[in-house]
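The values are calculated or read from the model by the stated rules, or taken from the named source; none is laboratory data. It should be emphasised that the depicted structure is a prediction, and the values quoted were computed from it without experimental measurement. Neighbour counts are summed over all protein chains in view; Cβ atoms, including those assigned to glycine, are modelled from backbone coordinates with ideal geometry.
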Amino acid sequence: MLAILLLSFLVTGGIAFYDHFEQNERYNQLRFERKEKSVRASMEYFLNQQGGFISPDSAAKEFNDKICELSDVHNLFIALYDLRGNYLISTNSQTLDSLHLPYHLNYSILKQLSSGTDRAVIDREFSSEDLALAYWYFKDIEGKPIAITNVVYDTTDAENKNIWMFLSELFQSYIVLFLLAALAAYALSSYITRSLQAIVISLQGIQIGKRNDPIKWKGQDEIGALVREYNRMLHELERSAAQIAQQERESAWREMAKQVAHEIKNPLTPMRLRVQHLQRSWKDDPDQFEEKLSRFCAAMTEQIDTLARIANEFSHFAKMPKQNPEFLHLDVLTEDVVSLFRDNQNVDFTFRKYALEEPRIFADKNQLVRVLNNLINNAIQAIPGDRIGRVDVALRQCKDHLVIRVNDNGIGINSSSKNSIFVPNFTTKSNGTGLGLSMVKSMVEQSGGHVWFRSQAGRGASFYISLPISKA
């Protein structure tokens, strides 16, 4: 309502303003033409009283008093020029100078008049005034030119103040209407929205997962239809919330089962390889069996402890194992983990150390073992069966961090999978769960480090783990 009222004021004012100037221009033009005709008629009447003939040389003398009279009657500046365009007389020579009117007419004006044009008109601005200058031949009764008449008419809009007064009064009227419309709009909107306040309060009080009371409305109007739809949607919302909660609980247990299976399966691979190697050692080299058995028992005990810790932690509502940090020599820990995989006949393992000054960190040993097991297992599984596998594990010190690199010559990671490689449940393996690398990332970040990778499809991949050095 208020916008329409404001728009109507702007449209009305604009139309009035435009119409005023258009009408004023047309009015000035018609008024100028009427005055010009009156001047011509008066001069012709005076000429007829003189017999209809006046010599061009005596035109100034004969019309000296007449043009002053005509100027006073019609409120115009009138001047006479001879047929060559030279100034003869005017109603006021000072006005001629003040208006910067020429003492000799421009050639273009003489050419227009001599070509048969009845009159020549020029518009010009002088100071704050708009002037119209008309020139025509004053002729005797036989049509022979006697002199050139010049009339100057001020077309400045003298009625401008009237339009501004009109717009001012219009504005005042619209201010009153605007205030009345504002009061009416406020009263009307308050009446309309009063019926919606109950719905607003109910919407503000909705709590997902809890019992929400429906709105009671007796009327059968549009508000009643809205209330009935609200009550129906409220019932659907409560039913959907219960289903979602049930699905989330089931999904959480399924996720826990996947993580348990994945974490238990990773240590089993090196354990199986170690058992097979021990069995071959009994047959091939019984003399060294006792020493290998001792190393085997130590490695198996460590892996079994890891499995037991994982099982215990996951049994408590599938929580990730809590950290139990301690001071560790990362080079020793990494070499021990790599040694568990050396018995794999299809893969050649290497472990190298570079520029290690202080290889000690403060982290959870079991979690780091699981991290390295995951990365090395992934490297082995990425190597196709038709090539000789190579897994290179390197440890380097970079300023205040230790960086482990696990490199393989497998199939690599394609560009479409790179952005999702650490996302839970994302996997490129047909039998994978997609939890290994996400848990690797979580464990490394809990230890204050970070993990990243570089890969080129078909040329293998390199995973990097950066952990801060502990000098305490």
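Quick one: which of Ala394, Ala382, Ala299 is small (Gly, Ala, Ser), crowded, with 16+ Cβ neighbours inside 10 Å and modelled with pLDDT of 90 or more?
Ala394
Tally the residues that are touching a helix residue (DSSP H, G or I) at 6+ places or on another chain (Cβ under 8 Å) and on the phi > 0 side of the Ramachandran plot, restricting the search to segment 85-103.
1
Here is a check on your reading of the model: is Arg40 without any contact (Cβ under 8 Å) to a residue 12 or more places away in the chain and out of contact with any Lys or Arg (no Cβ under 6 Å at 6 or more places or on another chain)?
Here the answer is no, as Arg40 does not meet what is asked.
Can you tell me which of Ile148, Ile141 is at pLDDT 80 or above, in a strand (DSSP E or B) and either in contact with a helix residue (DSSP H, G or I) (Cβ under 8 Å, 6 or more places away or on another chain) or among the small types (Gly, Ala, Ser) (or both)?
After ruling out the rest, the residue left standing is Ile148.
Restricting to segment 1-10, name every residue that is under 12 Å from Leu167 (Cα atoms) and aliphatic (A, V, I, L, M).
Leu10
Results for (1) touching a Leu at 6+ places or on another chain (Cβ under 9 Å); (2) more than 22 Å from Glu33 (Cα to Cα); (3) surrounded by fewer than 18 Cβ atoms within 10 Å (Cβ to Cβ), shown as yes or no for each residue.
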residue	(1), (2), (3)
Gly52	no, yes, yes
Cys68	no, no, yes
Ser71	no, no, no
Asn75	no, no, yes
Asn86	yes, yes, yes
Ala120	yes, no, no
Gly143	no, no, yes
Val152	yes, no, no
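When you look at Leu10, is it exposed (fewer than 15 other Cβ atoms within 10 Å of the Cβ) and of a type outside the set (S, T, N, Q), yes or no?
Yes.
May I ask you to verify whether Leu47 is more than 60 Å from the chain's Cα centre (by Cα) and either closer than 16 Å to Leu131 by Cβ or surrounded by 11 or more Cβ atoms within 10 Å (Cβ to Cβ) (or both)?
Considered against the rule, which asks whether it is more than 60 Å from the chain's Cα centre (by Cα) and either closer than 16 Å to Leu131 by Cβ or surrounded by 11 or more Cβ atoms within 10 Å (Cβ to Cβ) (or both), Leu47 comes out as yes.
Looking at (1) among the small types (Gly, Ala, Ser); (2) surrounded by 12 or more Cβ atoms within 10 Å (Cβ to Cβ); (3) over 19 Å from Ile141 (Cα atoms), which is the only condition Ala60 fails?
(3)
Considering every residue within segment 75-86, establish whether at least one is aromatic (Phe, Trp, Tyr) and assigned to a strand (DSSP E or B).
Within segment 75-86 (the criterion being aromatic (Phe, Trp, Tyr) and assigned to a strand (DSSP E or B)), the answer is yes, since at least one residue qualifies.
Would a scan of segment 25-34 turn up a residue that is more than 60 Å from the chain's Cα centre (by Cα) and assigned to a helix (DSSP H, G or I)?
yes
Taking the criterion of being part of a loop (DSSP other than H, G, I, E, B), under 20 Å from Ile380 (Cβ atoms), modelled with pLDDT under 85 and more than 38 Å from the chain's Cα centre (by Cα), would at least one residue in segment 401-410 satisfy it?
No, there is no match, as no residue in segment 401-410 is part of a loop (DSSP other than H, G, I, E, B), under 20 Å from Ile380 (Cβ atoms), modelled with pLDDT under 85 and more than 38 Å from the chain's Cα centre (by Cα).
Considering only segment 329-364, state which residues are under 14 Å from Leu402 (Cα atoms), acidic (Asp, Glu) and in contact with a strand residue (DSSP E or B) (Cβ under 7 Å, 6 or more places away or on another chain).
Scanning segment 329-364 gives Asp331, Glu357.
Residues checked against (1) modelled with pLDDT of 75 or more; (2) in a helix (DSSP H, G or I); (3) outside the structural domain of Ala242 (by TED's automatic domain parsing); (4) exposed (fewer than 13 other Cβ atoms within 10 Å of the Cβ):
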residue: Ala185; (1), (2), (3), (4): yes, yes, yes, no
residue: Ala198; (1), (2), (3), (4): no, yes, yes, no
residue: Ser202; (1), (2), (3), (4): no, yes, yes, no
residue: Val227; (1), (2), (3), (4): yes, yes, no, no
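Using the structure shown, decide if Phe77 is of a type in the set (A, V, I, L, M, F, W, C) and at pLDDT below 80.
No, not satisfied.
Test Tyr81 against the stated conditions and say whether it is aromatic (Phe, Trp, Tyr), more than 60 Å from the chain's Cα centre (by Cα) and surrounded by fewer than 17 Cβ atoms within 10 Å (Cβ to Cβ).
no
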